[in-house]
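The values are calculated or read from the model by the stated rules, or taken from the named source; none is laboratory data. Bear in mind that the values here come from a model prediction, so they are computed numbers and not experimental data. As a convention, Cβ positions derive from the backbone with ideal geometry for all residues, glycine included, and neighbour counts pool all protein chains shown.
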């Protein structure tokens, strides 16, 4: 049975998840620049391209069954065991398929030299899919502190292995070892934390009962994945591995706010919304508040990334990556535009609108592919990022209209809760950019410019939030005191 879903439990679990993501962020903030100085853009590009294939097939293989376990009204141990063995069988089959078709797959991605890497990554599938049931058990129980702990441990050990291997001269193998170490530690930790040991039994009826809902979730996840990963594949094919590596590193850095705040929030909101079945008014209130809060937290981080992109690239990545600073800035801007949508996917999943989620994700994937391809042909890497920013404006508006209509909220009321935080973040970013442009002739140090930009951004945004978001701040403060 789901643990009772209250505002206090949601706030507490979001806090644990965000803390874990912050620790992982701090680790990546140290490890990514170190690896970027030890490895080449092409090496980052080839591993990033290989992981696209692994992540895509893992989404297909999971078939959304773990989401079905989370959403089920009661916890069924036989269903969990059946899902575990089904996942394992599919993982072995997918691994074998990737191993024998690695050559054609690598040529399709535009990196024929990566065929050997795809064969190595074929061994990752059983580790990735094997942890799904354990993660679902923890999510049902809102035990996110345990999952957070093992996520941090996995990232720490994986980063340490990667850095040690890169220093020792292993080259691209440093990034490969990082992926295997992270997956293995996470699998072991989640199995221990959830106290789950699969029993040798399988009930096809249990799996089939989950497939109806799970297949729609998996379809939406796959199309979302295509949308998010299509820029890397298109850039690899049209612009080459060096630009793909620059995009990959910039994307990893610009995505850190999502990994800290958004992934922590989404992981909690899905079981929380699922636990509010039969309480539509309460669930709608949580949707509005979470959308507003997500925008308040995420938008300034992304827009701030755009404002300080040039000195940040020089300080964090070093001189060999300085040409990529416009890419980092534009990626931050594109993701900032989408920041209000953080609570939409868990809401649609929990309310059983997986079909709508799938159609919307399919439309977004098609638009992304067309826009990124056109932008890359006309303007290279920067042109592709500009196209991404433009289409995200329309996608965010469409997403907002669809979700708030389902929640029986007027579009005007929905936009009102997210428009002001977006405007605050945009004003802050423009002020920071103006200040840095003025200070650049007088302050030669990139570190000094980055520090000045961060200080000005924090001060300006704090003042704007205090003036315009006091109701949200008081609500959050009250919940934290109760929790």
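Scanning for something part of a helix (DSSP H, G or I), at pLDDT 85 or above and touching a helix residue (DSSP H, G or I) at 6+ places or on another chain (Cβ under 8 Å), does the range 359-367 turn up at least one residue?
Checked the range 359-367: at least one residue is part of a helix (DSSP H, G or I), at pLDDT 85 or above and touching a helix residue (DSSP H, G or I) at 6+ places or on another chain (Cβ under 8 Å).
When you look at residue 372, is it touching a residue at least 40 places away in the same chain (Cβ under 8 Å), out of contact with any strand residue (DSSP E or B) (no Cβ under 9 Å at 6 or more places or on another chain), crowded, with 23+ Cβ neighbours inside 10 Å and over 30 Å from residue 458 (Cβ atoms), yes or no?
Yes: the conditions hold for residue 372.
Using beta carbons and a limit of 9 Å, which pairs, at least six apart or on different chains, have the first residue in the range 456-468 and closer than 14 Å to residue 299 by Cβ and the second one at pLDDT 90 or above and not in a helix (DSSP H, G or I)?
Taking only residues 6 or more apart or on different chains, the pairs are 457/308.
Do you know which of the residues in the range 117-132 that are part of a helix (DSSP H, G or I) and under 19 Å from the mean Cα position of the chain (by Cα) is surrounded by the fewest Cβ atoms within 10 Å (Cβ to Cβ)?
128
Counting residues that are modelled with pLDDT of 85 or more, which helices (runs of 4 or more DSSP H) fully inside the range 251-342 reach at least 1?
The qualifying helices (runs of 4 or more DSSP H) are 280-307, 309-316, 325-337.
Under 8 Å between Cβ atoms, at least 6 apart or on separate chains: pull out the pairs that start in the range 147-168 with a residue that is in contact (Cβ under 8 Å) with a residue 60 or more places away in the chain and end on any residue that is not in a helix (DSSP H, G or I).
Final answer for the pair search is 166/39.
Out of the residues in the range 436-452 that are surrounded by 12 or more Cβ atoms within 10 Å (Cβ to Cβ) and more than 29 Å from the chain's Cα centre (by Cα), which is nearest to residue 306 (Cα to Cα)?
436
Pairs only if they're at least six apart or on different chains, beta carbon under 6 angstrom, first in the range 426-448 and outside any helix (DSSP H, G or I), second crowded, with 18+ Cβ neighbours inside 10 Å; list them, first residue then second.
That search, which allows pairs on different chains as well, returns 443/449.
Which one of the conditions (1) in contact (Cβ under 8 Å) with a residue 40 or more places away in the chain; (2) touching a helix residue (DSSP H, G or I) at 6+ places or on another chain (Cβ under 6 Å) does residue 309 fail to meet, given that it meets all the rest?
(1)
Given the conditions (1) surrounded by fewer than 18 Cβ atoms within 10 Å (Cβ to Cβ); (2) modelled with pLDDT of 85 or more; (3) farther than 16 Å from residue 308 by Cβ, and given that residue 455 satisfies all but one, which numbered condition is not satisfied?
The one condition residue 455 does not meet is (3).
Test of understanding: among 102, 86, 164, 93, which residue is buried (at least 17 other Cβ atoms within 10 Å of the Cβ), at pLDDT 85 or above and more than 23 Å from the chain's Cα centre (by Cα)?
After ruling out the rest, the residue left standing is 86.
Return yes when residue 420 is assigned to a helix (DSSP H, G or I) and in contact (Cβ under 8 Å) with a residue 12 or more places away in the chain and no when it is not.
Yes; evaluated as a whole, the condition is true for this residue.
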